[in-house]
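Written below as structure tokens is the structure these notes are about.
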Amino acid sequence: MLIDSHCHLNYKGLVEDQAGAIARAKAAGVTTMLNISTRECEWADIVAIADADPAIWATIGIHPHEADAHPGIDAQKLIAAAAHPRVVGIGETGLDYYYDHSDRAQQQASFREHIVAARETGLPLIVHTRDAEEDTATILAEEMGKGAFPGVIHCFTASANFARIALDLGLYISISGIVTFKNAKDLQAVAQTLPADRLLVETDSPFLAPVPHRGRPCEPAYVADTARFLAGLRGVSYENLAETTSSNFLRLFGKVSA
């Protein structure tokens, strides 16, 4: 059993052969895939994919890149859309100061609306953060002080200090194929030390294909390569890593288990 905790099945690079990518994932032992939304126009399609295949689940959210284009998406709209039985998470949301495709204040406002939705629904928050550690940590801590909510830092590439902050707040950390890259020594060092009961794996496909698939579109089947690398890094068997991360996913995304 292996779970891809974050993929984009409707994105270019996967959507052209979506059925094939799903079949290859299942053949590789990937029993569950969480298909992540980033824009309101995707929500219906992402839910429909989950409706059509019991191995696939959906989230509802607005990526920080898209915050400017979605000023009307507030917590209540997210909550209403997340009531669908196949929707198991809120996001992805967060802050991205690397590209600054949306105004930072609007990113922050959208992030807080998603947090309210996660708190009220009990569904996990899927957090994207890039070049925004300080503000991400501040918002997460402030909002956690208003009432606890579950969540995961997806595609973790941040510092060891940010990892400690996230873990102290009760969040999970998900590792993508970036950990297999030769220049990812800092991430590899952090990934070795993460507590086993807070660890997830993901592809973020069609992006960030792990070694040995660099240079081609990533797909959910490749989460097995990331899991094997991560298992070696942590000194455990692939089977142990797969079982642990799958159990963690099912604990965090309780609506899947239910």
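Taken together, the values in this text are just the output of simple stated rules run on the coordinates, not laboratory data. These numbers come from a predicted model, not from an experiment. Positions of Cβ are backbone-derived with ideal geometry, glycine not excepted, and every protein chain shown enters the neighbour counts.
General remarks:
- Taking the charge dipole of the range 1-125 about its Cα centre, with +1 at Lys and Arg Cβ atoms and -1 at Asp and Glu Cβ atoms, the residue from Ile115, His101, Ile62 reaching farthest to the positive side is Ile115.
- Nearest-0.05 FRET efficiency for Ala80 and Ser257, computed from C-beta distance (R0 41 Å): 0.95
- Note on the range 2-257: Kirkwood hydrodynamic radius from all Cα pairs is 17.8 Å, rounded to one decimal.
- The range 66-105 residues near the modelled Glu142 label - backbone nitrogen below 15 Å, point 7 Å along Cα→Cβ: 94-95, 104-105
- Given Lys77/Lys146; Lys26/Lys255; Lys12/Lys182; Lys26/Lys182; Lys77/Lys255; Lys146/Lys185, the pairs whose alpha carbons are separated by over 31 Å: Lys146/Lys185
- Calculated FRET efficiency for the pair Gln192/Lys26, C-beta based, R₀ 22 Å, to 0.05: 0.15
- Modelled label positions at Ser247 and Arg39, each set 7 Å beyond Cα in the direction of Cβ, lie 4.1 nm from each other.
- The modelled label-to-label distance between Ala105 and Arg164, using points 7 Å beyond Cα along the C-beta direction, is 3.4 nm.
- Of the peptides 114-120, 46-52, the order by per-residue mean of other Cβ atoms within 10 Å, starting with the highest, comes out as 114-120, 46-52.
- Once Rg and the Kirkwood radius are both taken over the C-alpha atoms of the range 1-50, their ratio Rg/Rh works out to 0.96.
- Prolate/oblate/rounded label for the range 1-130 (Cα gyration tensor, a/c 1.5): prolate
- Using alpha carbons only: equivalent-ellipsoid semi-axes of the range 192-258, gyration tensor based, whole Å: 21, 16, 9
- Charge context of Asn240, other residues only, Cβ under 14 angstrom, K/R +1, D/E -1: -1
- If you take the Cα centroid of the range 150-203 and the Cα centroid of the range 40-92, the two points sit 24 Å apart.
- Mean Cβ neighbour count within 10 Å, used as a protection proxy, ranking 144-152, 174-182 highest first: 174-182, 144-152
- Shown is the FRET efficiency for Lys185 and Gln18, computed with R0 = 35 Å from the Cβ-Cβ distance and rounded to the nearest 0.05: 0.50.
- Long hydrophobic helices in the chain: the complete DSSP H runs spanning 15 Å or more by Cα along their own axis with mean Kyte-Doolittle hydropathy of at least -0.5 are 223-234, 238-252.
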